[in-house]
Each structure stands twice: as C-alpha cells, then as structure tokens.
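What follows is a set of notes on a single structure, which appears directly below.
The values are calculated or read from the model by the stated rules, or taken from the named source; none is laboratory data. Note that this is a predicted model, so its numbers are computed, not measured. Note: ideal-geometry Cβ built from the backbone for every residue, glycine included; neighbour counts use all protein chains shown. The accessibility values were calculated without ligands, DNA or RNA, using every heavy atom of the protein model including side chains. Shrake-Rupley method; radii C 1.70, N 1.55, O 1.52, S 1.80 Å.
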Amino acid sequence: MARLLQAPPKFHPSEWDIAARMQCASTESLKSRSECMIAEGQRLLDEIEKTTQKTQSDVNKKLEQRQEEIKFWKQELSNSLEEVVHETELLLTFKTRLDKSLESCKEPLVIAQKCLLNRQRRVGIDLVHDEVEQELVKEVEILQGIIALLGRTLEQTDEQIRLNRSAKYNLEMDLKDKFTALMIDDYCTSLTNNTPDNRYTNNAARIEGNFVSPEDWIDFSNINVEKADKQRKNSLALRVLIDGILSQTANDIRKQCEMVNAAFRNRVKEVKDAKHKLEALLAMVMDETASQEKNIAALKQAIANKEGPIKVAQTRLEARNHRPNVEYCYDTAQYRLISEVEEITRNIQRQVEMGKRENLWLQDALAEAETELKALSRQQLSLEEEIQVKENTLYIDEVLCMQMRESVNINNF
C-alpha cells in the first residue's frame, strides 16, 4: 500500500534538456521530410497534370484525326453509293428498253409465221418456194435469233442489277457503321473533364477479339468502294452493249422487213403481170372460139348447100314430065330441058365424084374444126382455172399478208 502511494521518479535537468533538444530535432526532421514530400508531391502533381493534359490533348487530336478519316471514307462511300444508285437507275431504264424491244419482236414474228401459213394455201403451180417465202423464212430465223439474244441480255442485265444492289447494300451498311462511329467519336470529342456524364467504367480498356486493325479498317471500306466501282464499270459496259444490241437488232429487223415487203411487191407485180397475160390469152382464145364456131357453122352450111344445083336440075326434069295431055309438048323449052338433062346426065358422074371429094374435104375440115373447138374450150377452162389460181395468190399475198404487215412498226427502244 505504501508502494502504491510512492511518488513518480524525477528526471535530471540534463535529461530534460536532452529531451527538449530531441523534440526539436525530431520536429525539424519531420517538417523537413514533410516539406520534401510536399514539394515532390507538387512536382508529381504538376508532372501528372502536364502529362494528363498532354495525353488528353493528344487523344483529342487522334480523335479529330480519326473523325477526319471517317469523314473522308464516309464521303468516298457516299460518292460511290451515289454513283452506283445512279448507274442502277440507268441500267433499269435499259432493262425497260430491253423488255419493250423483246415484246415488240413478238408481233412481227407472229405476222411472219402467219404469212408463211397463209401462203401454204396457194394452189397449183403458184405453190412455189419463191423469193418471198425465202425472205419470210429468213425473217422468222432473224426474229427468233434476236428474241433469244434479247432474252440472254435481259438475264445478264438482271444479274448485273443484282450485283449493283449487292454493292449498294455493302456501301450502305459501311456508311451506317461510319455514321455511328462518327457520332460516337463526336460525342467523345465533346467530353471534357467537367462533363457531368463522366463516370467510371469497369474493363473499359479491354480489347476484344472483334477488334480490327486500322489497316483492315481501311481495306474494308476500300474493298467496298472498289467492288462498287467495278460493278459500276461493268454496268456501264453492259449499257453500251445493250445500246448497240438494240440499235443493231432494230436495224436488222427493219432491213429484213423491207426485204420481205420488197419481195412481196415484186411477187405481186409478177403475179399481176402473169394474170394480165392469162386474161389476154383468155380473150384471144374466146375470140378464136367464136371464130371457130362461125367457121363450123359455115362448113355445115357449105355441106348443106353443095347438092342444091343437082337437086334443082333433077326436080325440073321430073316436074315437066308431069305436064297434062297436049301440054306435054316437045317444044323448044322441052328440047332445051332434054339437052340440059342429057348434059347433066353426061356430067353427073363427074359431078358426083367431085361432090364426094368435096364432101369428104368439108367433113374433114368440120371434124378438125370441132376438134380445135374442143381444144379451145379446154384451153379456155385451163386459163380460167389458172386465172383463179393467180387471183387466189394475189388475195393471199396482197390482201392477207401485205395488209397484215402494214401493222408492223419497228422502233428504236
């Protein structure tokens, strides 16, 4: 209990002095270290601030450079897209021209085929493989070839339009991504240290597997532009080809159509000339038939009249022998009649023989005339039939075919 109440030990004044000096030295040392640390911290702060500002300024410049790059490629993509869209629109107009040209070939083909079918209805000698038929067959072949060519060109045009639209789609998707990237970089450029939206983000600096290198980024857009430019050039070359095909095919159709029409005109003229000649021959035959009929009538009349004098002489002698009574006188008249009868009797035999020969000649002439008349009748019938054949041919060529071909209209689409 006594120890508990013992007073604390007292120090020597020297110890107090030492303790005081040590406190001063420790405080001074702490102050010196603190001042050094403060100076170093301030230096670090200034250095970090400068580095941060420099880095941030460099990042801002990089962002601005990136924006310029994006804007450059965005403009390149926009220009390429505009050219592809314009070229596709032009190609679509050429496709419409192809469609119209292909459709316009169908009517001339049908008409040419109908002409060939109609001309099969020609009859007789007029059913000939003439120049008209040759040109019509050639026209059908040309039209069928042109239709096949236009069909293939139309398929090629559809494929090129598909390729153009594919290139347009790739450009649009690239442009869309560029637009989004530019908006993001614009947002990043607008951020400052005092922007309220600034926040901490975990793993913001991570690099994922879908990152691409700047070279790949440039190549991607460059490839899209090159592909679009290639398709645009192919489309332009195809339009030139289509224009040439449409012009050449129209000229070929028009030229062959004129060849067929000229052949029709020449053929119609030939048939008309032949018909006119046949009609002239028919008129001549009919005139000759009328003359031959008159000749036959004259021959028949000659045959009938040849025996008149003989019959008159015999009739007179017979009549005077029947005079009654004393009138039966041997007068001068009787004497002369007897002399005439004797003379006729003497010459009768010779007259009979001559009559027979003349009769035979007349009968032969009559038979020949009747035979010739029959031949003329047959020729007349043949000529009339041939004229009917020519009229049928003229109706087919001039009325059916040529009038039908007037509706053919060859346009340059």
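Given Cβ point charges of +1 (Lys, Arg) and -1 (Asp, Glu) and nothing else, what value in debye, to the nearest 20, does the dipole of segment 24-87 about its Cα centre take? Write out the running numbers ahead of the final one.
Numbers: 10 positive and 14 negative charges, 93 e Å.
Magnitude of the dipole: close to 440 debye.
Relative protection proxy for 276-288, 8-20, 388-400, from highest mean packing down: 388-400, 276-288, 8-20 (other beta-carbon atoms within 10 angstrom).
With a threshold of 30 Å on the Cα-Cα distance, the over-threshold entries among LYS114/LYS255; LYS138/LYS390; LYS277/LYS300; LYS95/LYS230; LYS95/LYS227; LYS71/LYS168 are LYS277/LYS300.
Rounded to the nearest whole angstrom, the semi-axes of the ellipsoid equivalent to segment 21-81, taken from the Cα gyration tensor as √(5λ), stand at 57, 5, 4, largest first. Using Cβ point charges alone (K and R +1, D and E -1), the dipole size of segment 1-130 about the Cα centre works out to roughly 500 debye. Sorting ARG239, ARG119 by solvent-accessible area of protein heavy atoms yields ARG239, ARG119, largest first, with a 1.4 Å probe.
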